[in-house]
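Here the structure is laid out as structure tokens; the discussion comes afterwards.
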Amino acid sequence: MKATLGGGDLKETVKLPDGEDKKEWIAVNTVHFYNAASMIYGTVSEDCLECKASCKIMSAGAKYEYLWQDGVQYKKPTKMSAPEYIDKLLTWAGEQIADPALFPVEPGARFPHGFMKQVKVMYKRMFRVYAHIYHVHFDKIKSLGANAFHLLH
């Protein structure tokens, strides 16, 4: 199956480079994805705060509503506005990334047993930011020009 991302083969783009540790490579790319999600949200955050109707719930259209649950403060899935959800998500993901028990920083340190499972949850939640922005704020991104537009393409 071939798909393109920036004109290249998607399968090759996401392939683990030869000689790289899989978990280390995933950790580095998780940090990059988090930074990109933070940056793209930063470009529309004011619009999202002002967008009362479309952002009063965290969604990507009528079929996709996202509820927040962190297992600590929000033990059950909780409905909230998009800005509130995204703020909680970015804070939570930033804390995960900053935790050396989950994302080791010492050379040669081993990743914990549950690393892959936790990273999958992080990606799933961060993808929701892109889904919301693409669905609700696409025109805003387009109006910012090619430098912002490429982040969603």
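Using the heavy atoms of the protein chains and a 1.4 angstrom probe, tell me the accessible area per residue for the chain in square angstrom.
On a per-residue basis, 65 Å².
Could you list which residues have their amide H under 5 Å from that of SER59, counting only those 5 or more apart in sequence or on another chain, with H placed in the peptide plane?
TYR66
May I ask you to derive the FRET efficiency for ASP87 and ASP18 from their Cβ-Cβ distance with R0 = 41 Å, giving the value to the nearest 0.05?
0.55
Starting at the first residue of segment 55-67, write each ³J(HN,Hα) from the Karplus equation 6.51 cos²θ - 1.76 cosθ + 1.60 with θ = phi - 60°, in whole Hz, x for Gly and Pro.
The phi angles translate into 10, 5, 10, 7, 8, 9, x, 4, 7, 10, 10, 10, 10 Hz.
Once amide H atoms are placed 1.01 Å from N in the peptide plane, what residues at a sequence separation of 5 or more from GLN69, or on another chain, have their amide H within under 5 Å of its amide H?
Under 5 Å from the amide H of GLN69 lie the amide H atoms of THR78, each far enough along the sequence or on another chain.
Place a point 7 Å from the Cα of HIS135 along the Cα-to-Cβ direction; which residues of segment 58-75 have their backbone N under 19 Å from it?
Zone members listed by number: 58-69.
How large, in percent, is the carbon and sulfur part of the accessible surface of the chain at a probe radius of 1.4 Å?
Values: 5500 of 9880 Å².
Taking all protein chains in place, the chain shows 56 percent carbon and sulfur surface.
Got a sec? Charge dipole of the chain, +1 on Cβ for Lys and Arg, -1 for Asp and Glu; which of TYR74, LEU144, ILE40 is way out at the positive end?
Sorting the options by dipole projection puts first TYR74.
P(r) tail for segment 41-144, what percent of Cα pairs lie past 15 Å?
It works out to 65 percent of all Cα pairs.
Students often get this wrong, so check it: of LYS52/LYS79; LYS56/LYS142; LYS76/LYS120; LYS76/LYS142; LYS22/LYS75; LYS75/LYS124, which have C-alpha atoms separated by over 24 Å?
Pairs exceeding 24 Å: LYS76/LYS142; LYS22/LYS75.
Placing +1 at every Lys and Arg Cβ and -1 at every Asp and Glu Cβ, with all other atoms neutral, what dipole size does segment 30-126 have around its Cα centre, in debye to the nearest 20?
The calculated dipole for segment 30-126 is roughly 540 debye.
The values are calculated or read from the model by the stated rules, or taken from the named source; none is laboratory data. Fair warning: this is a prediction, and the values are worked out from it, not measured in the lab. No Cβ is skipped: glycine too gets one built from the backbone with ideal geometry, and neighbour counts run over all protein chains shown. Calculation scope for accessible area: heavy atoms of the full protein, side chains included, ligands and nucleic acids excluded. Shrake-Rupley method; radii C 1.70, N 1.55, O 1.52, S 1.80 Å.
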